Amino acid sequence: METPLEKALATLVCTFHKYSGKEGDKFTLSKQELKELIKQELALGEKMKDRGIDKLMESLDKDHNNEIDFKEYTGFLTALCMSYNQFFQPDAK
């Protein structure tokens, strides 16, 4: 039986591959694929402007090849998890 954590990991991987390869390499996200993933899969995507996605792409694309590979995608997920964790932390007094 799949545990909740295993299900969450499978969802993260499947979400990457749902959008990767629509343009070019099937193992990377182009800027347009990243934009589509953010707009469709994250509530913050509705509020994010194209310039914000451009900046995100620049920060994630560590090898500067204009594509996001899975390792770079996991960096994005890590940053999101850290933000969510911080949001749910009680205020330090």
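The values are calculated or read from the model by the stated rules, or taken from the named source; none is laboratory data. From a predicted model like this one, the values you see are computed outputs, not experimental measurements. Please note: Cβ atoms are built from the backbone with ideal geometry, for glycine as well, and neighbour counts cover all protein chains shown.
The table below lists the values:
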{"quantity": "Pairs where the first residue, in the stretch 66-86, is of a type in the set (Asp, Glu) and the second is assigned to a helix (DSSP H, G or I), C-beta under 7 Å, 6+ apart", "calculated": "72/60"}
{"quantity": "Residue list for the stretch 12-39, restricted to those being surrounded by 12 or more Cβ atoms within 10 Å (Cβ to Cβ), more than 11 Å from the chain's Cα centre (by Cα) and in a helix (DSSP H, G or I)", "calculated": "17, 18, 31, 32"}
{"quantity": "Residues of the stretch 60-93 classified as farther than 20 Å from residue 15 by Cα and modelled with pLDDT of 90 or more, total", "calculated": "4"}
{"quantity": "Residues located in the stretch 63-79, provided they are more than 13 Å from residue 34 (Cβ to Cβ) and under 16 Å from the mean Cα position of the chain (by Cα)", "calculated": "71, 74, 78, 79"}
{"quantity": "Residue 55, sole failed condition from (1) touching a residue at least 12 places away in the same chain (Cβ under 8 Å); (2) basic (Lys, Arg); (3) more than 20 Å from residue 13 (Cβ to Cβ)", "calculated": "(1)"}
{"quantity": "In the stretch 60-80, the residues that are assigned to a helix (DSSP H, G or I) and either loosely packed, with under 12 Cβ neighbours inside 10 Å or in contact with a strand residue (DSSP E or B) (Cβ under 6 Å, 6 or more places away or on another chain) (or both)", "calculated": "60, 71, 78"}
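Quick grid of which residues meet (1) within 18 Å of residue 69 (Cα to Cα); (2) free of Cβ contacts under 8 Å to residues at least 12 places away in the same chain; (3) β-branched (Val, Ile, Thr):
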site	(1), (2), (3)
1	no, yes, no
4	no, yes, no
11	yes, yes, yes
17	yes, yes, no
23	yes, yes, no
27	yes, no, no
44	no, yes, no
